[in-house]
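Trainee: Here it is, the structure in full.
The values are calculated or read from the model by the stated rules, or taken from the named source; none is laboratory data. These figures come from a predicted structure and were not determined experimentally. Cβ placement follows ideal geometry from the backbone for every residue including glycine, while neighbour counts extend to all protein chains displayed.
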Amino acid sequence: AAGREGYIRRTKTVCTYCGVGCSFEVWTKDRHILKVEPTHGPANGVSTCIKGKFGWDYVNSPERLTTPLIREEWGFREASWDEALNLIARRFREIRAESGPDALAFIASSKTTNEEAFLMQKLARAVVGTNNMDNCSRYCQSPATLGLWRTVGYGGDSGSISDIEQAGLVIGIGTNTAESHPVLATRVKRSHKLRGQRLIMVDLREHELARRADLFVQPRPGTDFVWLNAVSRYILEQGLEKKDFLARWVNDLDGFRASLEGYTLAHAEAVTGIAQDTLRQIAREIVQADGTCILWAMGVTQQMGGSETSSAISNLLLLTGNYMRPGAGAYPLRGHNNVQGASDMGAMPNYVTGYQKVDDPGVRARYAAEWGVDLPASRGLDNHEMVHAIHAGELRAMYLKGEEMSLVDSNSNYVDAALEKLDFFVVQDVFFSHTASFADVVLPASPSLEKDGTFTNTERRIQRLYRALEPRGGSRPDWEIIQLVANRLGAGWTYTHPSQIMAEIARLTPLYAGVTYERLEGFRSLQWPVHPDGTDTPLLFKDGFPFPDGKARLYPAQFVPPVEPPTEEYDLHFNNGRMLEHFHEGNMTFKTGGIAQKVPGTFVEVSPELAGERGLQTGSVVRLVSRHGAVRVPVLVTERVSGHQLYMPMNTQDAAQAVNRLTGSHADLSTHTPAYKDTAVRLEVLSVD
Ligand code: SF4
């Protein structure tokens, strides 16, 4: 899509921020980014949000890493690629010889391409010999994936984003969709306004979609599971379940019915604070709607029982026949642009590509034939376990690309202490992140505009991005860097373009079997599973569910109550998440002038009620103290939060202000996703001006 050299180039790319996967043409002249023009995006049409439209200046930031860095006693010094790669290869070899391959661990990035995530796990498994491999879905979406998998066999969105518009009813649970997935929220807003689509939002905080909703419900923190089960039980009691759908497509109704014992409306009201009449209304709306889609995000998954609640959502959809057609189904909203893809690519401790188990004999045989080595057999460590293993002295080296682990993992003080203890730490990133300050070697990577590859968005849509700019300075695309590291360790890889990596992925991965770069040319895209003939699957469940008998399973999930409810000492519930303008720790958006000027720093949202109690106003400065750490932060008084609940955006460039200085290490019991939303703090007033 390039014009003549020296003139304006128009290059198709895919947004590097959230999981909606907006695609557009970026207009460039030399290194200047002139404009971003959405024209044909299959996920977004002609829409973008502020980040996709204006969030690109960071690629020309003078703060970009442009050469490798090596730590010395006194700090970091610039080094040649040769020197950095030799040091990495020597230390990885030494540590593997001394302590075995499982003394090393690898973390892929959900911001880099599918091909790059694939190579990272290939490096870990085929070259080093360990399954200690993970990606940041561990911090967000793993519970949704598992919760769905148990019930319907795939962990992805049931249909396309455009299908949501066809629903008679949309329910959002623990999702601030208008700020976290803005373009997807635009479609919901449009259907709600123009088509009469009903909208129920369930959340702690009265954000934009909550204000627009026909019904806004505020349960007590961490209790979604209880109201979901109560609604399911009520539907069964009233005989309102979809009997023909259950008989034809669903197993285990009796076990599920038994698991609902005790989940009466009265019990749910006592636990969640939601009135019984409201629960009856939710049940009625679901059974009367012409199709219900349930959207959920971190408010559900970042809890001790995130997987259980995700299964409870899927159970309710099955009970009411809300799968196997457009305008119905489960929509866990993926956070990063390629968090879906990083997991699809096997950057996980127990799965290789396409969620194939590492201990499955057939999978192992296929990989051995392709790679010429056996996969390591036993499950590796996930992110959460890696931190504990470093503290225990069992994990000595780590290679991490494109992750601000120090600030994004929960309990940052504990994570930082672990990173300090590593014998050897390699960080690969576009900027010198806070995490990089703990590294022994820092490698300069190129961002998405400087490389070719593919991303997979929240609706399982695989899309190509094309190189719009040459890599800045001595930076390189991640796939090239990983290949350099692998070859210093003796791998002998010869990839010259990401399309060759995708061909290998397709050979190894039934979900991606028919994916080729030719089939993804320009604005074309494919939604997995993609069959060998190139046929894709926009609607995930058409002819049943991917179990041997084609039937889904109702799963008897268990309630896991919060472990940090407010106490006398820590009397406030501490909620946290995104804001529209910035993305996560802000390593890109805070280096993008217009956005950084608009929202220059973080704050804590305080309700008018709490502000009155403590004598606070907007601009007051407070110290928040949890069992795990403390932050000093200015106050924003707003009606978005209520009572004794606080909300703080996760976006800050000041490591001392990161929300995860306050969160603890407790995690979802099944997937180890941190329970970020299960945190209690106390508030100390520092100044009230
Ligand atoms: Fe990018 Fe998401 Fe905004 Fe689309 S909605 S432009 S993918 S941040």
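Trainee: Quick one: which of 200, 173 is touching a strand residue (DSSP E or B) at 6+ places or on another chain (Cβ under 8 Å), within 22 Å of residue 541 (Cβ to Cβ) and of a type in the set (A, V, I, L, M, F, W, C)? Before you say what the answer is, go through the steps one by one.
Mentor: On the way: 200 fails: within 22 Å of residue 541 (Cβ to Cβ).
Answer to the selection: 173.
Trainee: Looking only at the stretch 375-416, how many residues end up being surrounded by 21 or more Cβ atoms within 10 Å (Cβ to Cβ) and over 27 Å from the mean Cα position of the chain (by Cα)?
Mentor: Of the residues in the stretch 375-416, 0 are surrounded by 21 or more Cβ atoms within 10 Å (Cβ to Cβ) and over 27 Å from the mean Cα position of the chain (by Cα).
Trainee: Limited to the stretch 177-200, what total is found for residues that are away from the ligand (no atom under 13 Å from the Cβ) and not in a helix (DSSP H, G or I)?
Mentor: So the count comes out to 5.
Trainee: Select from the stretch 495-518 the residues that are aliphatic (A, V, I, L, M) and crowded, with 17+ Cβ neighbours inside 10 Å and write down the one among them that is farthest from residue 532 (Cα to Cα).
Mentor: Taking the stretch 495-518 and keeping what is aliphatic (A, V, I, L, M), we get 501-503, 505-506, 508, 511, 513, 515.
Checking which are crowded, with 17+ Cβ neighbours inside 10 Å leaves us with 501-502, 505-506, 508, 511, 513, 515.
On the way: 501: 17, 502: 13, 505: 12, 506: 9, 508: 12, 511: 9, 513: 5, 515: 8 Å.
It comes out as 501.
Trainee: Against the condition in contact with a Leu (Cβ under 9 Å, 6 or more places away or on another chain) and crowded, with 17+ Cβ neighbours inside 10 Å, how does residue 104 come out, does it pass?
Mentor: Working: in contact with a Leu (Cβ under 9 Å, 6 or more places away or on another chain): yes; crowded, with 17+ Cβ neighbours inside 10 Å: yes.
For residue 104, the condition - in contact with a Leu (Cβ under 9 Å, 6 or more places away or on another chain) and crowded, with 17+ Cβ neighbours inside 10 Å - is met.
Trainee: Take the conditions at pLDDT 95 or above and either more than 27 Å from residue 498 (Cα to Cα) or not hydroxyl-bearing (Ser, Thr, Tyr) (or both) and apply them to residue 199. Does it pass? Show your work before the answer.
Mentor: Numbers: at pLDDT 95 or above: yes; either more than 27 Å from residue 498 (Cα to Cα) or not hydroxyl-bearing (Ser, Thr, Tyr) (or both): yes.
Yes: the conditions hold for residue 199.
Trainee: Restricting to the stretch 391-410, name every residue that is within 11 Å of residue 132 (Cβ to Cβ) and of a type in the set (Val, Ile, Thr).
Mentor: Within the stretch 391-410, none qualify.
Trainee: Considering only the stretch 480-491, I want to know if a residue exists there that is within 26 Å of the chain's Cα centre (by Cα), in a loop (DSSP other than H, G, I, E, B), buried (at least 21 other Cβ atoms within 10 Å of the Cβ) and of a type in the set (A, V, I, L, M).
Mentor: Let us first name the residues in the stretch 480-491 that are within 26 Å of the chain's Cα centre (by Cα), namely 480-483.
When the remaining residues are screened for being in a loop (DSSP other than H, G, I, E, B), the result is none.
For the stretch 480-491, residues within 26 Å of the chain's Cα centre (by Cα), in a loop (DSSP other than H, G, I, E, B), buried (at least 21 other Cβ atoms within 10 Å of the Cβ) and of a type in the set (A, V, I, L, M): absent.
Trainee: Consider residue 262 against the criteria (1) touching a residue at least 12 places away in the same chain (Cβ under 8 Å); (2) on the phi > 0 side of the Ramachandran plot: it satisfies all of them except one. Which criterion is unmet?
Mentor: (1)
Trainee: Those residues that are outside any helix (DSSP H, G or I) and either under 23 Å from residue 164 (Cβ atoms) or in contact with a helix residue (DSSP H, G or I) (Cβ under 6 Å, 6 or more places away or on another chain) (or both), I need them from the stretch 219-242; list them, please.
Mentor: Residues satisfying the conditions are 219, 220, 223, 240, 241, 242.
Trainee: Any idea which residue in the stretch 447-469 is nearest to the ligand (Cβ to nearest atom), counting only those that are surrounded by 24 or more Cβ atoms within 10 Å (Cβ to Cβ) and part of a loop (DSSP other than H, G, I, E, B)?
Mentor: 457
Trainee: From 510, 532, grab the single residue that is at pLDDT 95 or above and in contact with a strand residue (DSSP E or B) (Cβ under 9 Å, 6 or more places away or on another chain). I'd like the intermediate steps shown before the answer.
Mentor: Values: 532 fails: in contact with a strand residue (DSSP E or B) (Cβ under 9 Å, 6 or more places away or on another chain).
Every option except 510 fails the conditions.
Trainee: Give the stretch 83-130 a look and list any residue that's within 26 Å of residue 465 (Cβ to Cβ), hydrophobic (A, V, I, L, M, F, W, C) and in contact with a Ser or Thr (Cβ under 9 Å, 6 or more places away or on another chain), or say none.
Mentor: Those that are within 26 Å of residue 465 (Cβ to Cβ), hydrophobic (A, V, I, L, M, F, W, C) and in contact with a Ser or Thr (Cβ under 9 Å, 6 or more places away or on another chain): 106, 117, 118, 120, 124.
Trainee: Checking residue 20 against (1) surrounded by fewer than 16 Cβ atoms within 10 Å (Cβ to Cβ); (2) touching a helix residue (DSSP H, G or I) at 6+ places or on another chain (Cβ under 6 Å); (3) not small (Gly, Ala, Ser), which single condition isn't satisfied?
Mentor: The failed condition is (1).
Trainee: Just one of 157, 163 is out of contact with any Ser or Thr (no Cβ under 8 Å at 6 or more places or on another chain) and either crowded, with 24+ Cβ neighbours inside 10 Å or assigned to a helix (DSSP H, G or I) (or both); which is it?
Mentor: Details: 157 fails: out of contact with any Ser or Thr (no Cβ under 8 Å at 6 or more places or on another chain).
Exactly one residue qualifies, and that residue is 163.
Trainee: Which of the numbered conditions does residue 152 fail, given that it passes all the others? Conditions: (1) touching a strand residue (DSSP E or B) at 6+ places or on another chain (Cβ under 8 Å); (2) within 16 Å of the ligand (Cβ to nearest atom).
Mentor: All conditions pass for residue 152, except number (2).
Trainee: A further question on this structure: What helices (runs of 4 or more DSSP H) completely inside the stretch 288-374 contain at least 2 residues that are more than 23 Å from the chain's Cα centre (by Cα), more than 23 Å from residue 675 (Cα to Cα) and in the same structural domain as residue 461 (by TED's automatic domain parsing)?
Mentor: On the way: elements: 298-301, 306-319, 339-344, 361-371.
Fully inside the stretch 288-374 and qualifying: 361-371.
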